[in-house]
Amino acid sequence: MAKRITPQFNNERGFTLLEVLIALSLFAVFTTVFILSQATNLNNSSLMAEDVTLHNLAEMKMNEIQLDPPKFTNATENETETKAFEIEGYEKYKYTIEYKKLEVPNLNELTGKEEGEDNPNEDSRNKAIQKMVFEKLKENMEKMIWQVRVTTTNTETNYAYEITSWITNKEARIDTQFGF
């Protein structure tokens with residue numbers, strides 16, 4: 001009888017050193033990426049929480065100003081009020097309030113014309129009336145509309161949030177006398 005020859009196989013079923021090193025390297029890369037992404041998520045979450053807190057404080061202060069606006073004078077524009085919040089748990093936050101008058105550019109800047117540049121199709125009476133109405137409108141708007149800016153800041157991190165709004169000066173009187 002003939003003897004059957006079968007190739008000899010190594011029946012040990014383990015991993016080679018190279019396979020173990022590759023597996024460890026892949027595990028290390030994925031673990032590092034996972035940890036870094038979690039650290040970034042935590043950092044972004046804390047920044048977003050800080051941003052939401054600063055926004056809410058600024059919005060609260062803006063609502064207070066809109067409910068009880070100050071008396072607007074020429075001196076109001078140069079005033080800057082900076083104070084700390086007196087709310088329990090928010091002592092490390094401060095706010096700054098600034099007011100600014102609305103500034104409307106002159107008619108020539110809006111239309112893109114130079115002073116003295118005339119359109120031959122426009123008669124001078126219409127142009128004079130248009131200029132007078134615009135000047136009166138500009139004067140009334142600059143009396144009535146003010147911009148308020150509230151900036152809240154975390155005094156520990158100097159992280160800040162700014163919110164602006166327009167406020168109407170309720171004490172301003174509109175001049176409707178156009179001189180016609």
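Derivation of every value follows stated rules applied to the coordinates shown; laboratory data play no part. Worth saying up front: this structure is predicted, and the values here are computed from it rather than measured. Cβ: placed from backbone, ideal geometry, glycine included. Neighbour counts: every protein chain shown.
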So which GluC sites (Glu not before Pro) in the range 146-180 pass both tests, a DSSP loop state and at most 11 other Cβ atoms within 10 Å of the Cβ? Glu156, Glu171
Can you give me the long-range amide H partners of Asn169? Hydrogens built in the peptide plane at 1.01 Å from N, cutoff under 5 Å, separation of 5 or more residues or another chain. Ile145, Trp146
FRET efficiency, Thr16 to Asn56 (Cβ-Cβ, R0 45 Å, nearest 0.05): 0.15
Measuring from its Cα centre, the range 124-180 shows a charge dipole (+1 at each Lys and Arg Cβ, -1 at each Asp and Glu Cβ) which, in debye to the nearest 20, is 500 debye
Holding the Cα-Cα limit at 28 Å, pick out from Lys94/Lys138; Lys61/Lys136; Lys94/Lys143; Lys71/Lys138 the pairs that are longer than that. Lys94/Lys138; Lys61/Lys136; Lys94/Lys143
Residue farthest toward the positive end of the dipole of the range 122-180, with Cβ of Lys/Arg at +1 and Asp/Glu at -1: which of Gln147, Asn169, Ala128? Ala128
